[in-house]
Amino acid sequence: MILELSILLSTYVGVRLFENANKKIKQKNKTTTLIKKPNTSIKNMADNESEKKQNYYLKISTISFSLAIIRNVSVSMQFLSLGFLIYTSMPIFKSAEKSLIKENKFTNDLLNSLCICICVTTGPYFASTLICWFYYFGNKILAKTESYSKKMLVNIFEQQPHFVWILKDNIEIEIPLEAVHVNDIVVVNTGEVIPVDGIIIKGSAMIDQHSLTGESQPAEKEISDNVFASTMVVAGNIHLQVKKTGKETTISKIGEILTHSADFKTDVQIKGEEWADKAVIPQLALATTTIPFLGIYGATGILKQSFGNIIRIVASLGTLNHINLAAHQSIFVKDGRAIELLNDVDTVLFDKTGTLTTEQPEVGQIIVCDKYSEKELLLYAAATERKLTHPIAKAILEKADTLNLTLPQIDDSKYQVGYGMTVTIENKVIQVGSARFMKMESINVPPIIEKAMTSAHKKGHSLVMIAINRQLIGAIEMQATVRFDVKNMINGLRQRGIKHIAIVSGDHKHPTEQLAKSLGMDSYFYEVLPESKAKIVEKLQKEGKSVCFIGDGVNDAIAMKKANVSISLRGASSIATDIAQVVLTDGSLSQLCRLFDISKELSKNLRNSFVITTLIISFNTAGIFLFHWGVIGTIIINNVGFLIGVANAMLPLSKISGNRSNEKKLEKDI
């Protein structure tokens, strides 16, 4: 027995000396050449390697476990079994060494190492292989769940084009997005997503930038203007010179976020690990002092009460599986701590434009200032805008469709990029666009329209002007549309214990107040600058409130950073989705209440895991003192508790499976 321990320890020391010497040689010969690799590829490779490594060690420890059962058949079998044990215990010893020497911490890996050494020395050799097997089994479950979570999240958020068209020698060539370089000329046509950040060198276009700014109205872009990745050309054609590519683009930033989405620890896990680490020295002292009463086997059983290892794995599994559950319900959780913190939130602040209101406005009042009727005004506007895809054009076309208007054919058309549209209908020149467009065309705006414009701006609305043969005949008011699910969502938040709900907006008082009253908000803040939004959050926090901020634009970024929990919507500005701890991937608020439910479910799951672990440890300790259980019995019971904890952590997956079954049944019925 002593011989086997000597071989085990001397082999470990020899291997570590060799590794350190080899490391020094490599550092000495290291060149200063830097090789750049894509961040996401490196991370994915590391994740795959981690999973493969745990699978490999689990297989080897299974062989070691089997050899331990039959090791007494022959002397050669004993040495073979010892060799496998040395190999599988090496990573555990290294982890204990690192925590003890480099971090000055006593951890559960130190206890595992001591238990292995004691079991090899005193006789229950089988127990040492059992310790290794359960160690790698737990790590495999954790690695597999993390890998699955990251792959699933990347698939959900992958939205950029994989191929782009570049101009070389006046010929358009399609190449992979990752092959694009700075200063390449990229061609983007109507309806296509801009794949890189760049500057327009040819052409002009209307660009939907809601993914960047949260604004629904397309932006006017011409030569020398900057354009950004993930925005869309809704009309026009542009050639742009690439300014940012690779890890500087939006797609790379999103990928970087995703690869780190599961790298977190919940409060329960952190506390559990802290308590476990703090308990190591008392555990060692208790085991030492109980040797005269319990014997070496009982004392070793005391050492093997691995509370920290169990809670580390079980808490991580529970949180990751709840993140998976959320993702299957269009909720992307980038930081697991956010789900926990939501359980304490009592105040929810909403940005107004783009968050409580939709991207696409709706037609309000129609102002007529000539002989034409409202229907005629709408008909001419819809016919002019029929080929456009931006939100305002869609709203006008939808309104015309609800009134069953038959749109006339357009004889000729001329599109003024960004400002308005000029077409010829039945020998009439129709011009539709903004007040700026009318001014450019030297078309006078009558007092009735100027008065309507002032009134609309106070309410946070805008006007689309219509002119016939260079005479302004009226305007269509475009109103922000409240999301259809907002009222039900607010009622749901009330039912879930949220005490204070408010709007924080940069808009004027009247539209903000009207919206707050119509939705039953507790309060509202208007004409708020970006930095002031953050001050509102801080003020509420100083009053003892836990604040969740929900926003979609660049102007919300500071407040989102300050809030206890930050939430954004898919399709919001890239800064908002980068900062947000949670992103609602269906682009609506419909799943917000479900997110709070998942938070409560996670909290309950973690508490159950903590209770299960504590009960098993207490049961085991009582068995050692009262019934003199040995090390093998305590290891088995300890790991039965671990398996119960794993089963509890896996409960969210049953809900995912249930949702899939319901979907398949619905498809079959259809």
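Calculated on the Cα set of the range 362-479, radius of gyration then Dmax: 12.9, 38 Å. For the range 505-650, the spread of Cα coordinates along the three principal axes comes to 76, 33, 27 Å, biggest extent given first. In plain terms, the chain from residue 285 to residue 625 could stretch by 120.9 nm, reckoned as 0.36 nm per residue minus the Cα-Cα distance.
A Förster distance of 22 Å, applied to the separation of the beta-carbon atoms of residue 535 and residue 510, puts the FRET efficiency at 0.45. Between residue 373 and residue 173, the distance separating the two model label sites (each 7 Å from Cα on the Cα→Cβ line) works out to 6.0 nm. Dipole check for the range 278-375: with +1 at the C-beta of Lys and Arg, -1 at the C-beta of Asp and Glu, and the Cα centre as origin, the magnitude is about 640 Debye. Taking label positions 7 Å along the Cα-Cβ direction at both residue 543 and residue 226, the computed distance is 3.8 nm, reported to one decimal. Electrostatic tally near residue 524: other residues with Cβ closer than 14 Å to its Cβ, Lys and Arg +1, Asp and Glu -1, net -1.
Can you compute the FRET efficiency between residue 653 and residue 185 using 1/(1 + (r/R0)^6), with r the Cβ-Cβ distance and R0 = 35 Å? Round to the nearest 0.05. That gives a FRET efficiency of 0.15. For the range 468-516, trypsin sites (Lys or Arg not before Pro) are listed when DSSP marks them as loop and at most 13 other Cβ atoms sit within 10 Å of their Cβ; the list is 470, 499. As a calculated quantity, the FRET efficiency between residue 101 and residue 3 at R0 = 25 Å, using C-beta atoms, amounts to about 0.40. For residue 243, the amide hydrogen comes within under 5 Å of the amide hydrogens of 183, 197, 198, 199, counting only partners 5 or more places away or on other chains and with H modelled in the peptide plane. Couplings 3J(HN,Hα) of the range 86-97, computed from phi: 4, 5, 6, 7, 4, x, 5, 5, 5, 5, 5, 4 Hz, in residue order, whole Hz [Karplus 6.51 cos²θ - 1.76 cosθ + 1.60, θ = phi - 60°; x for Gly and Pro]. For the range 316-464, the relative contact order comes to 14 percent (Cα pairs under 8 Å, sequence separation of at least 6). How far apart, in nm, are the 7 Å Cα→Cβ label points at residue 518 and residue 10? According to this spin-label approximation, the distance is 8.5 nm.
Note that the range 420-430 has calculated 3J(HN,Hα) couplings of x, 10, 10, 9, 10, 10, 6, 6, 10, 8, 9 Hz, one per residue in order, obtained from phi through the Karplus relation 6.51 cos²θ - 1.76 cosθ + 1.60 (θ = phi - 60°); glycine and proline are x. Using 0.36 nm per residue and subtracting the Cα-Cα separation, the extra length available between residue 70 and residue 455 on full extension is 129.6 nm. Between the C-alpha center of the range 363-397 and that of the range 465-495 there is a gap of 14 Å.
This ranking places 629, 165 by how few other beta-carbon atoms lie within 10 Å of each, fewest first, which gives 165, 629.
Any read-out appearing in this document is the output of simple, stated calculations on the displayed coordinates, not a laboratory observation. If you're wondering where the values come from, they're calculated on a predicted model, not measured in any experiment. Positions of Cβ are generated from backbone atoms using ideal geometry, with glycine treated the same way; all protein chains shown enter the neighbour counts.
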